[in-house]
Amino acid sequence: MGILSRSSVNRQSNETMRLLITTFAGIVFGFLIGLSFPTLSLTKLNLPSSLLSPVDLSNIKEQKPSPPITQTSSSSNQSLNLNDTTKIWVPSNPRGAERLAPGIVAAKSDFYLRRLWGNPSEDLTSKPKYLVTFTVGYDQRQNIDASVKKFSENFTILLFHYDGRTTEWDEFEWSKRAIHVSVRKQTKWWYAKRFLHPDIVAPYDYIFIWDEDLGVEHFNAEEYIKLVRKYDLEISQPGLEPNRGLTWQMTKRRGDRDVHKQTEEKPGWCKDPHLPPCAGFVEIMAPVFSREAWRCVWYMIQNDLVHGWGLDFALRKCVEPAHEKIGVVDSQWIIHQSVPSLGNQGETQNGKAPWHGVRDRCRKEWTIFQSRLTMAENEYFKSMEVGLSNLTAH
């Protein structure tokens, strides 16, 4: 029995020694193998969730961040970096807002005035449906006062001040509720491009962009809106008193109807009766745009061309069919008083009065705008031809 006992003890000692040696060798071998291969990230493995769930991944870091996730298929979701599951990337959001949850994105704004106190939801007792803007100088305040009174509380009043004088307008009660923007020696199209972005004026069904020298004795804004809706006009203007000043035949008031959309000009002036100046045409002194039409027109206004000359002939590009969607409202008409107030904001050059330089700039802008528009359209159609030829070649 004693010999068997010693034999058993020796065997156990030998087996223990072999196990220790084998274990040590395995550890060394594994260490060497680990040095020979790059780091393996568990987050890249498509392991069953039952294996991953007990693993603490909070200390596992990627060498490079994963790109924004744009795929939505189940197979793509399986390979998502687990660290990116709390990040937001929404390609359908407005540009620059992709990292925001859609519910917090405020893509549009308005001119509604807000209080400095109370609950935001209780700020507005009403929301005007229309916007009217005037580009004004203080010398024309009586005329603007008469004009503003023709617009009901359904209209937001916005004044663009080219002479820098704003506080003086508080002599009129309505001025305290109006919005005033002041930049010296600028035109209404300069203002419109910078302050009437389509996403700013989106709450308004119609946008009036008017001059300051308009007589409105025979005009009522609410009645005008009714006629615009009735005749489905996207771009319009009130008729002009035919016996006051120079104007196109298209924009002269007709006393026998509510609205007209076409006219006859001098022989040879209209190669196509559906094109300007015989149709699809209003002038730029008192235009009225639907929300949808203004979105297009705003993009067509050039940053450096501030007088708007030539724009009236191109408005038809923004509605279809233009000869039906553009018209003149005859029964709500105005008088163009032709006050050269903005012209006097220019500078005297070569001994000439300021308005001479302003008028020269207007004519130059007309030529530049027409050239740009023609060139842009020619380049587009040329690219379309090249694209079609490539398609047919393949």
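Output the number of the condition that residue 333 fails; it satisfies all remaining conditions of (1) surrounded by 15 or more Cβ atoms within 10 Å (Cβ to Cβ); (2) under 23 Å from the mean Cα position of the chain (by Cα); (3) of a type in the set (Phe, Trp, Tyr).
All conditions are met except number (2).
Show the residue pairs meeting these rules: Cβ distance below 8 Å; 6+ apart or different chains; first residue within the stretch 261-282 and assigned by TED's automatic domain parsing to the domain that holds residue 314 and modelled with pLDDT of 90 or more; second residue among the aromatic types (Phe, Trp, Tyr) and exposed (fewer than 15 other Cβ atoms within 10 Å of the Cβ).
277/269; 278/269
Identify the single condition in (1) charged (D, E, K, R); (2) under 24 Å from the mean Cα position of the chain (by Cα); (3) part of a helix (DSSP H, G or I) that residue 199 does not satisfy, given that it satisfies every other one.
Of (1) charged (D, E, K, R); (2) under 24 Å from the mean Cα position of the chain (by Cα); (3) part of a helix (DSSP H, G or I), only one is false for residue 199: (3).
Any idea which residue in the stretch 291-323 is surrounded by the most Cβ atoms within 10 Å (Cβ to Cβ), counting only those that are closer than 19 Å to residue 275 by Cβ and among the basic types (Lys, Arg)?
The initial filter retains those residues of the stretch 291-323 that are closer than 19 Å to residue 275 by Cβ, namely 293, 296-297, 300, 309-323.
Filter once more, keeping what is among the basic types (Lys, Arg): 316-317.
Numbers: 316: 21, 317: 14.
This residue is 316.
If I filter the stretch 222-272 down to residues being surrounded by fewer than 19 Cβ atoms within 10 Å (Cβ to Cβ) and polar (S, T, N, Q), which single residue comes out as nearest to residue 289 (Cα to Cα)?
Restricting to residues being surrounded by fewer than 19 Cβ atoms within 10 Å (Cβ to Cβ) and polar (S, T, N, Q), the top hit is 262.
Every residue, every condition in (1) buried (at least 19 other Cβ atoms within 10 Å of the Cβ); (2) touching an Asp or Glu at 6+ places or on another chain (Cβ under 9 Å); (3) part of a strand (DSSP E or B), yes or no:
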| residue | (1), (2), (3) |
| --- | --- |
| 153 | no, no, no |
| 156 | yes, yes, yes |
| 163 | no, yes, no |
| 180 | no, no, yes |
| 184 | no, yes, no |
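The values are calculated or read from the model by the stated rules, or taken from the named source; none is laboratory data. Everything numeric here is computed off the predicted structure, so don't read it as measured data. Don't worry about glycine lacking a Cβ; one is built from the backbone with ideal geometry, like all the others, and counts go over all protein chains shown.
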